[in-house]
Amino acid sequence: MSIIKTENLNFVYSAKTPFEMAALKNVNIEIEKGDFVGIIGHTGSGKSTLVQHFNGLVKPTSGKIYFNGKDIWEDEKKIKDLRFKVGLVFQYPEYQLFDTTVESDIAFGPRNMGLDESEIKQRVEMAAFYVGLSNDLLQKSPFDLSGGQKRRAALAGVLAMQPEVLILDEPTAGLDPIGRDTILDRISKFRKESGTTVLLVSHSMEDVAKVANKVLVMNNGEAVMFDTVDNVYSHGEELHEMGLNIPHITKVIIGLRKKGYDLPKNIYTVDKAYQAVLDLFKKEGKYAK
């Protein structure tokens, strides 16, 4: 059974004005429980607008969204409860930090859920562990942390609510390579150990390839592809035409294929490229141990 499902989902900004713009067009997707879905698309493709529908931050112009089989807008009074189950981490979430200590900032969500203090403390410790924040950092002001630490503290605040679905909108934006890999590793570890469904919005196809098992491609408000990483990335030329910055190694493979080399289409990492070229050489008798 799907944990999130959309049915003919449409959203229009500034409807019935000269600035009217269709941001989502008849989106029909089903996300299974436990999936790690990478959501990619060019700027303005509808990625962020789509995920903001999943926890009720934005209401559809038409169509429906289901969470665990139930229409999320069937009872508008329960939308707040949904946001504890479908956690959304915005791009540059560190700008949302506000409390006097990191610990109290992480505790903000669980406290608003009405949990007792012992449960809150346990959840704060769990979330801090998953994102790699030491106990001494928990007592600091969030504004004294480094950029990467702030990002992890903001992520911990959502993890502490133990959502069934974790949505991350460009969580690695603005981070250096080490910070980016740290965040992705922490998210991946949390998902594997908790079984939480994760949706990762990213402009980086390399990042998505590292952690996701499925990919949703948005283009001009439409869901144009939704499949395994291998199957979606095998359409490298089409993705490039949509304005996506495909991995450099994929561009190299596309170039080699155009020159007549019999290489697979779904290559998006250096390791896969190395193995594919090695296999080709063996096939043509150009490689000897």
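The values are calculated or read from the model by the stated rules, or taken from the named source; none is laboratory data. In this text, all values refer to a predicted model and were calculated from it rather than measured experimentally. Counting neighbours? That spans all protein chains shown, and the Cβs are built from the backbone with ideal geometry, glycine included.
Please find, within the stretch 114-124, the residue that is farthest from LEU155 (Cα to Cα) out of those that are out of contact with any Asp or Glu (no Cβ under 8 Å at 6 or more places or on another chain) and buried (at least 16 other Cβ atoms within 10 Å of the Cβ).
Going residue by residue through the stretch 114-124, those that are out of contact with any Asp or Glu (no Cβ under 8 Å at 6 or more places or on another chain) are 114-123.
Still in the list and also buried (at least 16 other Cβ atoms within 10 Å of the Cβ): 115, 120, 123.
Values: LEU115: 19, ILE120: 16, ARG123: 13 Å.
Checked the stretch 114-124; the qualifying residue farthest from LEU155 (Cα to Cα) is LEU115.
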Discussion item. On the basis of being within 19 Å of GLY221 (Cα to Cα) and assigned by TED's automatic domain parsing to the domain that holds HIS203, does GLY109 make the cut?
Written reply: no
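Quick check on the stretch 2-33: of everything there that is on the phi > 0 side of the Ramachandran plot and at pLDDT below 95, which residue is nearest to the chain's Cα centre (by Cα)? Walk me through how you get there before you give the answer.
Filtering the stretch 2-33 down to residues on the phi > 0 side of the Ramachandran plot leaves 8, 14, 16, 26.
Applying the additional criterion that residues be at pLDDT below 95 yields 14, 16.
Details: SER14: 27, LYS16: 32 Å.
Step by step, filter the stretch 2-33, then rank; the result is SER14.
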Item to complete: List every residue pair whose Cβ atoms lie under 6 Å apart, where the two residues are 6 or more positions apart in sequence or sit on different chains, the first residue falls within the stretch 79-101 and is under 12 Å from ILE167 (Cβ atoms), and the second residue, located anywhere, is of a type in the set (D, E, K, R) and buried (at least 16 other Cβ atoms within 10 Å of the Cβ).
Response: LYS85/GLU164; PHE90/ASP169; GLN91/ASP169; GLN91/GLU170
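Each row is one residue, and each column tells you yes or no for (1) without any contact (Cβ under 8 Å) to a residue 24 or more places away in the chain; (2) in contact with a helix residue (DSSP H, G or I) (Cβ under 8 Å, 6 or more places away or on another chain); (3) basic (Lys, Arg).
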position	(1), (2), (3)
ILE187	no, yes, no
THR196	no, yes, no
LEU200	no, yes, no
MET242	no, no, no
ILE246	no, yes, no
LYS258	yes, no, yes
ASP262	yes, yes, no
TYR268	no, yes, no
GLU284	yes, no, no
Discussion item. Take residues that are modelled with pLDDT of 90 or more and surrounded by fewer than 17 Cβ atoms within 10 Å (Cβ to Cβ) and tell me which of the helices (runs of 4 or more DSSP H) falling wholly in the stretch 175-289 contain 1 or more.
Written reply: 177-194, 229-233, 236-241, 248-258, 270-283
Worksheet entry | Number of the condition not met by GLY56 [criteria: (1) surrounded by fewer than 19 Cβ atoms within 10 Å (Cβ to Cβ); (2) under 20 Å from ASN8 (Cα atoms)] | (1)
Practice prompt. Would you be able to say whether some residue in the stretch 64-78 is touching a His at 6+ places or on another chain (Cβ under 6 Å), of a type outside the set (Gly, Ala, Ser) and within 30 Å of GLU7 (Cβ to Cβ)?
Written response: yes
Fill in: One residue from ASP105, ASP136 being touching a Phe, Trp or Tyr at 6+ places or on another chain (Cβ under 9 Å) and either in a helix (DSSP H, G or I) or at positive phi (or both)
ASP105
Worksheet item: Which strands (runs of 3 or more DSSP E) does the stretch 1-79 wholly contain that include 3 or more residues that are not acidic (Asp, Glu)?
Response: 2-13, 21-27, 36-40, 62-67
Discussion item. Here's a check for you: in the stretch 233-265, which residue that is under 21 Å from the mean Cα position of the chain (by Cα) and polar (S, T, N, Q) is farthest from GLY221 (Cα to Cα)?
Written reply: SER234
Worksheet item: In the list PHE98, PHE143, which residue meets the criterion of being part of a loop (DSSP other than H, G, I, E, B), of a type in the set (A, V, I, L, M, F, W, C) and surrounded by fewer than 17 Cβ atoms within 10 Å (Cβ to Cβ)?
Response: PHE98
